[in-house]
Protein chains: 2
Amino acid sequence: MRPADEASDPFDVLGMGNAIVDVVAHADDALLARLDLQKGAMTLVDEERSAFLYRNMPPGREVSGGSCGNTMAALAALGSRCAYVGRVRDDQLGNVFAHDIRAAGVSFECRPSAVGPATARSLIFVTPDAQRTMQTYLGACVELGPDDVDPMLAGRASITYLEGYLWDRPEAKEACRKAADLCHAAGGRLALTLSDAFCVDRWRAEFVNLVENEVDILFANESEITSLYGVSDFDTALQEVRHHVQFAALTRGAKGSVVVRGDEVHVIEAVRPTRVLDTTGAGDLYAAGFLHALTRGDDLAACGRLASVAAGAIIGQYGARAERPLVEMIAELTGQAGPRSPA
Amino acid sequence: MRPADEASDPFDVLGMGNAIVDVVAHADDALLARLDLQKGAMTLVDEERSAFLYRNMPPGREVSGGSCGNTMAALAALGSRCAYVGRVRDDQLGNVFAHDIRAAGVSFECRPSAVGPATARSLIFVTPDAQRTMQTYLGACVELGPDDVDPMLAGRASITYLEGYLWDRPEAKEACRKAADLCHAAGGRLALTLSDAFCVDRWRAEFVNLVENEVDILFANESEITSLYGVSDFDTALQEVRHHVQFAALTRGAKGSVVVRGDEVHVIEAVRPTRVLDTTGAGDLYAAGFLHALTRGDDLAACGRLASVAAGAIIGQYGARAERPLVEMIAELTGQAGPRSPA
């Protein structure tokens with residue numbers, strides 16, 4: 001954890017996303033059915049629906065979340081220098097989010113909103129099959145806009161990483177466009193995660209345009225990348241995307257992942273913990289492992305391997321922030337001494 | 001989980017305690033030393049010290065806590081009918097506490113405070129040896145007083161269970177005395193946990209008087225019971241206490257526990273999960289297992305065994321509230337089908 005404290009220090013990765021506190025609870029399929037929840041998806045809900053669902057939710061635990069926030073916290077734990085941009089309210093859960101990401105070693109200087117909706121929360125129902133179903137109330141995230149993107153910050157990062165979820169709010173999307181322009185103007189690389197197949201469905205044309213013209217590093221799972229190109233099979237989507245971005249890292253759950261740079265393709269095995277408890281954050285930690293290896297100069301296959309083992313480490317616990325030092329969790333999973341050279 | 005919803009339904013156990021949200025973080029001994037924390041103890045801190053410690057704490061996760069709250073949530077998960085009395089503020093963490101205990105199936109009707117200090121939080125530093133060091137800011141707990149003890153509620157429980165931590169506040173102590181009187185007037189049994197050796201040290205004379213004259217069921221660990229009687233060895237304390245209470249359940253960590261009723265003494269083995277991660281809540285869950293078995297009429301040895309296995313289940317995870325259904329966790333630990341007859 002080496003935060004870049006000086007105003008002139010460079011960052012390896014600047015991330016921007018929805019700043020959310022997760023409420024993680026164990027639930028069964030019957031409860032999902034009774035509450036009419038779409039299993040495996042991230043669904044946006046309003047304050048009233050969120051309150052209703054919470055009243056019907058089993059006991060939970062609060063863990064800082066947000067896809068990009070999870071990735072930044074993991075990147076910092078691996079040793080990358082990171083900064084995060086996202087909006088919370090000045091309430092208890094906002095304090096929790098800010099504390100957790102800073103304590104993880106990530107620079108987080110966004111001022112919390114003094115008025116408006118409460119800090120965002122995502123109710124996450126984890127079923128015994130380790131699948132997670134997310135019901136997200138964006139709350140204070142709706143305050144995120146272009147003014148939150150500080151040119152001094154955005155020009156200091158080697159990679160600027162955006163989450164697709166931000167496309168659901170026009171002002172957040174504008175913030176992304178500003179960050180992308182600043183990134184490229186400063187010679188940095190733009191990374192994007194497609195976040196969610198339904199989110200891709202909502203903004204397909206914009207995402208295709210973005211991927212074809214601006215994105216250098218793309219993260220997507222199988223349903224997201226096939227949704228992006230409106231195709232039914234993974235290979236077709238793979239052949240399409242490799243012409244448009246410098247790096248693509250495509251995850252396929254238990255089937256592992258495929259990392260691509262032009263003609264160079266590596267199939268990466270999934271790494272599984274002894275017991276898979278909660279798949280929340282698997283994609284977020286995958287991105288962290290990949291980006292950490294990439295910024296330190298690893299070859300493509302090594303980037304995919306660290307990504308895979310970081311994802312494997314997080315799914316052996318509840319929640320997407322490591323409950324023990326991530327480097328230790330990775331070392332235990334690979335039986336090796338550290339994250340530098342996982343199996 | 002069968003909450004006693006009707007105003008006339010009896011409760012198996014009514015619990016009263018400090019209503020606290022835990023902030024659980026992984027820490028090393030060097031951090032404890034740097035922050036001057038007394039390892040293994042529960043230390044009361046003021047708001048300023050709590051804020052200072054939080055700023056220096058690693059990333060955490062928020063889990064409802066409070067010793068008695070943990071016991072009630074576990075009792076309800078095992079199938080006992082429970083009610084809880086404790087004070088939170090009407091803030092986000094207060095909502096979290098109230099949600100979690102109700103969602104666990106515990107009746108909780110205390111109105112949150114609309115003014116005054118925020119909901120209590122306990123910063124829990126968990127070291128790699130699974131030991132927990134607690135720094136508690138009592139916040140809204142200081143509002144708990146005799147008026148919170150509803151005679152209609154206190155007269156409906158077979159057992160009234162108090163936590164020794166309450167002795168640290170005069171008004172809470174008065175609430176305990178009122179609950180004890182109501183309990184005995186209604187023919188119920190009074191249970192007490194001594195909570196913490198330093199707490200016993202602060203209130204020794206009062207606790208001795210209480211144990212000798214009012215308590216029917218006493219829970220204590222080795223350091224608490226020896227502190228109570230000012231003796232250096234466990235056996236001397238055991239011989240002393242068995243004359244004063246109907247039941248004593250004395251825990252000794254990895255050495256197991258001893259349960260006593262007059263001349264009847266059973267030595268109970270500790271039950272250990274595959275990996276001990278966090279001993280927070282071990283005593284709380286021990287009390288839950290014991291009281292659940294007692295109220296359903298199990299013999300003394302069986303009470304001790306369910307206590308031991310409930311404690312074993314909780315120390316394989318972080319935090320004192322079960323992150324999966326407690327009955328399942330117990331069944332896995334004992335290799336049997338449910339909590340009724342653990343090994």
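For this structure, a couple of remarks:
- From the options A:90, A:46, residue that is surrounded by fewer than 24 Cβ atoms within 10 Å (Cβ to Cβ) and within 13 Å of chain B (Cβ to nearest Cβ): A:90
- Criterion (outside any loop (DSSP other than H, G, I, E, B) and of a type outside the set (A, V, I, L, M, F, W, C)) met by exactly one of A:61, A:87: A:61
- Listed by position, the helices (runs of 4 or more DSSP H) enclosed by the stretch A:233-343 that each have at least 1 residues that are touching a residue at least 60 places away in the same chain (Cβ under 8 Å) and farther than 29 Å from residue A:129 by Cβ are A:282-295.
- In the set A:236, A:274, only one residue is at pLDDT 95 or above and of a type outside the set (Asp, Glu); that residue is A:236.
- Breaking point among (1) part of a helix (DSSP H, G or I); (2) farther than 21 Å from residue B:286 by Cβ, for residue B:36: (1)
- Members of the stretch B:18-32 found to be within 13 Å of chain A (Cβ to nearest Cβ), charged (D, E, K, R) and more than 21 Å from the chain's Cα centre (by Cα), listed by number: B:28
- Residue that is farthest from residue B:287 (Cα to Cα), among those in the stretch B:208-236 that are in contact with a strand residue (DSSP E or B) (Cβ under 8 Å, 6 or more places away or on another chain) and among the aromatic types (Phe, Trp, Tyr): B:234
- Search result, residues across the stretch B:248-270 that are surrounded by 20 or more Cβ atoms within 10 Å (Cβ to Cβ) and farther than 11 Å from residue B:304 by Cα: none
- Look at the stretch B:174-201: where a residue is touching a residue at least 24 places away in the same chain (Cβ under 8 Å) and a partner is among the β-branched types (Val, Ile, Thr) and assigned to a loop (DSSP other than H, G, I, E, B), sitting 6+ places away or on another chain with Cβ atoms under 8 Å, you get B:175/B:149; B:178/B:149; B:179/B:149; B:182/B:149; B:190/B:215; B:191/B:215; B:192/B:215.
- Going through (1) closer than 23 Å to residue B:144 by Cα; (2) buried (at least 18 other Cβ atoms within 10 Å of the Cβ); (3) hydrophobic (A, V, I, L, M, F, W, C) one by one, residue B:51 falls short only on (2).
- Any chance residue B:15 is within 12 Å of chain A (Cβ to nearest Cβ) and surrounded by 17 or more Cβ atoms within 10 Å (Cβ to Cβ): no
- Of all residues making up the stretch A:33-75, the number that are over 24 Å from the mean Cα position of the chain (by Cα) and under 23 Å from residue A:221 (Cα atoms): 0
- Filtering B:319, B:253 for residues that are under 30 Å from residue A:61 (Cα atoms) and away from chain A (no Cβ under 14 Å) leaves a single hit, B:253.
- Every condition in (1) more than 29 Å from residue A:101 (Cα to Cα); (2) within 12 Å of chain A (Cβ to nearest Cβ); (3) of a type in the set (D, E, K, R); (4) crowded, with 24+ Cβ neighbours inside 10 Å holds for residue B:62 except the one numbered (1).
- Of all residue pairs spaced 6 or more apart or on separate chains, those with beta-carbon atoms under 6 Å, a first member in the stretch B:55-68 that is at pLDDT 95 or above and a second member that is of a type in the set (Asp, Glu) and buried (at least 24 other Cβ atoms within 10 Å of the Cβ) are B:59/A:100; B:62/A:62; B:63/B:22; B:64/B:100; B:65/B:22; B:67/B:163; B:67/B:284; B:68/B:163.
The values are calculated or read from the model by the stated rules, or taken from the named source; none is laboratory data. These numbers come from a predicted model, not from an experiment. Every residue, glycine as well, gets a Cβ built from its backbone with ideal geometry; the counts of neighbours run over all protein chains shown.
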